[in-house]
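**Student:** Structure provided below as structure tokens; questions to follow.
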């Protein structure tokens with residue numbers, strides 16, 4: 001199982017601040033699902049709130065509408081294939097957690113929606129009911145009620161990948177699964193199966 | 001002046017889909033401003049709509065409230081320093097476009113808000129009035145009425161950086177301003193002056 005440690009809620013926005021693609025986990029009345037979403041962002045620091053677009057035609061939408069809860073999971077590059085897959089098929093047609101899919105779930109602490117293995121970070125969210133946004137724009141606001149991260153990827157309030165200050169990137173970044181920073185970088189979806197990996201970290205001095 | 005070509009509106013979402021930090025340009029009644037925003041995302045494809053958080057205490061908010069317009073600009077790494085600067089000071093205290101700041105504006109085609117030189121792409125947006133969202137969450141929705149990109153960075157509906165399929169990254173990525181993909185990559189803000197550069201592009205086959 002993926003190692004994880006709690007993230008202090010006032011730092012939870014940092015899990016999404018750089019704009020990664022996320023997986024949305026949902027569950028209600030014995031059914032569960034996961035889908036990919038490129039359209040999410042923080043909207044407040046503390047208590048942390050996020051926004052995410054959940055299309056009205058998805059099973060995820062049905063489960064989130066019914067339960068008032070969802071998880072946002074920040075997938076690692078190592079599961080880019082699974083991220084694309086769960087974003088390309090409907091949970092109405094197939095069990096996305098079936099053996100052989102490579103998609104595995106574990107339980108959160110505050111919500112019933114599944115958290116997804118192989119991710120770098122997890123945000124447990126409760127819907128802030130805004131029916132007009134939901135119906136008109138498929139736009140959901142959520143309060144983050146618990147947050148977790150793989151300490152190899154994020155700890156002490158900071159992402160741990162791409163911190164090489166020499167300006168060189170990628171040398172270890174491509175050895176996915178090696179336990180280096182590589183397979184542990186987050187993803188940024190574009191379109192048509194094309195992603196960017198999160199790149200070099202750098203600091204600008206004011 | 002930065003070279004730019006129009007982006008077809010149904011492809012405009014791709015300018016923000018990977019979650020870059022943006023600059024928000026605004027103007028009203030002879031005043032203009034620019035600030036940085038890490039919290040923006042697409043919310044619809046066509047007509048393209050976006051969401052962005054604009055804090056109620058900013059001059060940008062005052063100008064956007066008054067004009068009903070704003071620009072979203074996708075800064076290149078080459079202007080990371082300027083991006084941090086315009087996100088750290090208030091337009092009430094200083095003219096962010098003053099000589100010496102390195103921040104230069106040009107005019108859009110559909111709106112009065114300034115577009116920012118040195119960016120990779122530009123979205124001209126009109127506010128979709130949603131007073132409840134604006135007042136309660138500082139959350140603005142906008143319709144994208146025109147979009148532009150530097151063809152060295154984005155053309156034919158695709159980002160042009162990081163398309164090296166060998167797995168090597170960064171070698172040319174650090175020669176900012178060289179005209180290679182490097183200085184032309186977008187930014188992902190974290191906190192405290194820390195950014196990620198947009199990293200390697202890769203494709204997952206379904």
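The numbers here are math on the coordinates, done by the rules we state, and not lab data. What you see is a predicted model, and the numbers here were worked out from it, not measured in a lab. Don't worry about glycine lacking a Cβ; one is built from the backbone with ideal geometry, like all the others, and counts go over all protein chains shown.
**Student:** Kindly identify the stretch B:107-151 as rounded, prolate or oblate by the Cα gyration tensor criterion: order the square roots of the eigenvalues as a ≥ b ≥ c, call it rounded if a/c is under 1.5, otherwise compare a/b with b/c, prolate if a/b is larger, else oblate. Mind dumping the intermediate values first?
**Tutor:** Details: a/c = 2.76, a/b = 2.29, b/c = 1.21.
Verdict is prolate for the stretch B:107-151.
**Student:** How far is it, in nm, from the label point at residue B:158 to the one at residue A:98 when both lie 7 Å from their Cα along the line to the Cβ?
**Tutor:** 3.3
**Student:** Identify, for chain B, the residue whose C-beta comes nearest the rotation axis onto chain A, and round that distance to whole Å.
**Tutor:** Residue and rounded Å distance to the axis: B:19, 1.
**Student:** State whether the stretch A:23-88 is rounded, prolate or oblate according to the following rule on the C-alpha gyration tensor (a ≥ b ≥ c being the square roots of its eigenvalues): a/c under 1.5 gives rounded; otherwise a/b larger than b/c gives prolate, and the remaining case gives oblate. Before the final figure, lay out the partial values.
**Tutor:** On the way: a/c = 1.76, a/b = 1.04, b/c = 1.69.
Cα axes put the stretch A:23-88 in the oblate bin.
**Student:** What does the average come to when, for each residue of peptide A:18-29, you count the partner chain Cβ atoms lying within 10 Å of its Cβ?
**Tutor:** Average neighbour count from other chains, rounded to a whole number: 3.
**Student:** Distance from the Cα centre of the stretch B:87-156 to that of the stretch A:91-144, in angstrom?
**Tutor:** What the calculation gives is 32 Å, centre to centre.
**Student:** Name the most mobile residue of B:23, B:139, B:115, meaning the one with the largest mean-square fluctuation, in a Gaussian network model of chain B with Cα contacts below 10 Å.
**Tutor:** Maximum fluctuation in the GNM of chain B, among the listed residues, is at B:139.
**Student:** Placing a label point 7 Å from Cα toward Cβ, how far apart in nm is residue A:98 from its equivalents in the other copies, listed shortest first to one decimal?
**Tutor:** In nanometres, ordered from closest: 6.5.
**Student:** Using 0.36 nm per residue of separation minus the Cα-Cα distance, give me the extension gain between residue A:45 and residue A:117 in nm, one decimal. Present the calculation step by step, with values, prior to reporting the outcome.
**Tutor:** Details: separation 72, 0.36 × 72 = 25.92 nm, distance 2.57 nm.
Fully extending the segment from residue A:45 to residue A:117 adds 23.3 nm.
**Student:** Within a 10 angstrom radius of the beta carbon, how do A:128, B:111, B:116 rank from fewest other beta carbons to most?
**Tutor:** Details: A:128 17, B:111 23, B:116 27.
Ordered from fewest to most neighbouring Cβ atoms within 10 Å, A:128, B:111, B:116 come out as A:128, B:111, B:116.
**Student:** Given the -39500 (n - 2.57) contribution per DSSP H run of 4+ residues, what per-residue ellipticity at 222 nm results for chain B, rounded to the nearest 500 deg cm²/dmol?
**Tutor:** Working: 3 runs with 25 residues, N = 206.
Mean residue ellipticity, 222 nm, calculated: -3500 deg cm²/dmol.
**Student:** Now, a different point. Comparing B:69, B:82, B:135, which has the greatest mean-square fluctuation in the GNM of chain B with Cα pairs linked when under 10 Å apart?
**Tutor:** Top of the fluctuation ranking is B:135.
**Student:** Using a label point 7 angstrom from Cα along Cα-to-C-beta, what distances in nm, from shortest up, separate residue B:46 from the other copies?
**Tutor:** Result, one decimal in nm: 4.5.
**Student:** Now for a different question. Separation between the residue A:3 and residue A:31 pseudo-spin-labels, each 7 Å from Cα along Cα→Cβ, expressed in nm?
**Tutor:** 3.8
**Student:** Do you know the relative contact order of chain B, to the nearest whole percent, from alpha carbon pairs under 8 angstrom that are 6+ apart?
**Tutor:** Values: 455 pairs, mean separation 50.9, N = 206.
It rounds to 25 percent for chain B.
**Student:** What do you get for Rg/Rh over chain B if you use C-alpha atoms and the Kirkwood form of Rh? Write out the running numbers ahead of the final one.
**Tutor:** Details: Rg = 16.3 Å, Rh = 17.1 Å.
We get a ratio of 0.95 for chain B.
**Student:** Normalized C-alpha radius of gyration of the protein assembly as shown, against 2.2 N^0.38 Å? It would help to have the intermediate numbers written out before the result.
**Tutor:** Values: Rg = 19.9 Å, N = 412, 2.2 N^0.38 = 21.7 Å.
Taking the Cα Rg and dividing by 2.2 N^0.38 Å, one obtains 0.92.
**Student:** Now for a different question. Relative contact order for the stretch B:98-139 using alpha-carbon pairs under 8 Å, separation at least 6, rounded to a whole percent?
**Tutor:** Answer for the stretch B:98-139 is 25 percent.
**Student:** Looking only at A:75, A:47, A:114, which one moves most when chain A is put into a Gaussian network model with springs between Cα atoms under 10 Å?
**Tutor:** Its mean-square fluctuation being the largest, the pick is A:47.
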